[in-house]
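Student: Below is a structure I'd like to ask you about.
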Amino acid sequence: AARVLAEKAIAAGAKDEERIDFIAKRLLARSFRTDELAIVKESLTALLAGYKAKPLEAKKLLAVGDTTVTATIDPATFAAWTMLCNQLMNLDEFLNK
């Protein structure tokens, strides 16, 4: 589910803020507040750095799941957005609504 949401978010906008807003509205039915957005962007930055440094880990992550991986998306970027979606899908606000 996180990988599919990540793929849709990547397609939804060219800027990280647009993509993050797409995810927030799908999961929480609202945009992130300024303080929340800063945390999410920081997490994305760390995830991108991690997967760019370890591209094999990105490919391993993307190999898990029933859906096919879109080959046109950079694996490190796709993996980072997938894990960001996974993190956000574990927010109490998402799980308890």
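The values are calculated or read from the model by the stated rules, or taken from the named source; none is laboratory data. Quantities reported herein were computed from a predicted structural model and do not represent experimental measurements. FYI the Cβ positions are ideal-geometry reconstructions off the backbone, even for glycines, and counts take in every protein chain you see. The accessibility values were calculated without ligands, DNA or RNA, using every heavy atom of the protein model including side chains. Shrake-Rupley method; radii C 1.70, N 1.55, O 1.52, S 1.80 Å.
Student: Regarding the chain, what are the three Cα extents along the principal axes, ordered largest first, in Å?
Tutor: Its Cα atoms span 33, 26, 23 Å along the three principal axes.
Student: Might you tell me the accessible area per residue for the chain, computed with a 1.4 Å probe and given in Å²?
Tutor: 61 Å²
Student: Would you work out which of THR70, ASN86, ALA6 lies farthest towards the positive end of the dipole of the chain, given +1 charges on the beta-carbon of Lys and Arg and -1 on that of Asp and Glu, about the Cα centre?
Tutor: Going by the charge dipole, the pick is THR70.
Student: Still on this structure, please answer the following. Quick check for me: using +1 on Lys/Arg Cβ and -1 on Asp/Glu Cβ, what's the dipole size of the chain about its Cα centre, in debye to the nearest 20?
Tutor: Once rounded to the nearest 20, the dipole reads 180 debye.
Student: Report, in deg cm²/dmol and to the nearest 500, the calculated mean residue ellipticity at 222 nm for the chain, where each DSSP H run with n ≥ 4 adds -39500 (n - 2.57) and the sum is divided by the residue count.
Tutor: Taking each H run of at least 4 residues, the total per residue is -22000 deg cm²/dmol.
Student: Further, regarding this structure: What is the distance, in nm, between label points placed 7 Å from the Cα along the Cα-to-Cβ direction at ARG30 and at GLU17?
Tutor: Computed distance between label sites ARG30 and GLU17 equals 2.0 nm.
Student: In vacuum, with every alpha carbon of the range 1-48 counted as one equal point scatterer, what does the Debye formula give for log10 I(q)/I(0) at q = 0.16, 0.25 Å⁻¹? Two decimals, please.
Tutor: -0.40, -1.00
Student: On to the next question. Under the definition of Cα pairs under 8 Å and six or more residues apart, what whole-number percent is the relative contact order of the range 19-97?
Tutor: Across the range 19-97, relative contact order equals 33 percent.
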